[in-house]
Amino acid sequence: MTESPAVRRVQSDHSPWEETMGFARAVAAGDRVIVAGTMPLVGGVVRGEGSPYEQTLLAFGNAIAALEPFGLAAGSVIRTRMYLSHARDAEDVGRAHKELFGDVRPAATMVVVNGFVDSRVLVEVEVEAYRGAPE
């Protein structure tokens, strides 16, 4: 993989699919850091089974951790995306989002999808951060 000075990629230990599918957990390009779809995995194992609220906190926790190598945290997040497998979980997912980002107020999107690679996963998230934002 070729890196340019303006682009930096990092891996995590949360997802077994990063290596098998060939993607980076987070990519910094210019003033943006984009974090790939992140599930509620701890050590490659799905956690919070059955709880959309808990899974949202875990997934966003993993996404925020992916920002740390770039010196960023939740305060730098400017956009979030939440993918749910059930519309009934929207309130729980929204509550977890507000708990983490209520003071930050990023642009946010929540959509219902048909499902995920692992059927125990109820929520997958993405974040985009701005490197010029104050912490």
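Fully extending the segment from ALA90 to ALA65, taken as 0.36 nm per residue of separation minus the present Cα-Cα distance, adds 6.6 nm.
Using R₀ = 25 Å, calculate the FRET efficiency as 1/(1 + (r/R₀)^6) where r is the Cβ-Cβ separation of GLU49 and ALA73; round to 0.05. Present the calculation step by step, with values, prior to reporting the outcome.
Numbers: r = 27 Å, r/R0 = 1.10.
Approximately 0.35, to the nearest 0.05.
When a/c reaches 1.5 or more, the comparison of a/b and b/c decides; with that in mind, is the range 7-130 rounded, prolate or oblate per its Cα gyration tensor? Please list the in-between numbers first.
Details: a/c = 1.84, a/b = 1.19, b/c = 1.55.
It is oblate, given that a/c is not under 1.5 and a/b is not larger than b/c.
Computed from the coordinates by the stated procedures, all read-outs in this text should not be read as laboratory data. Source: prediction; values computed, not measured. In this analysis, Cβ positions are derived from the backbone assuming ideal geometry, glycine residues included, and neighbour counts consider all displayed protein chains.
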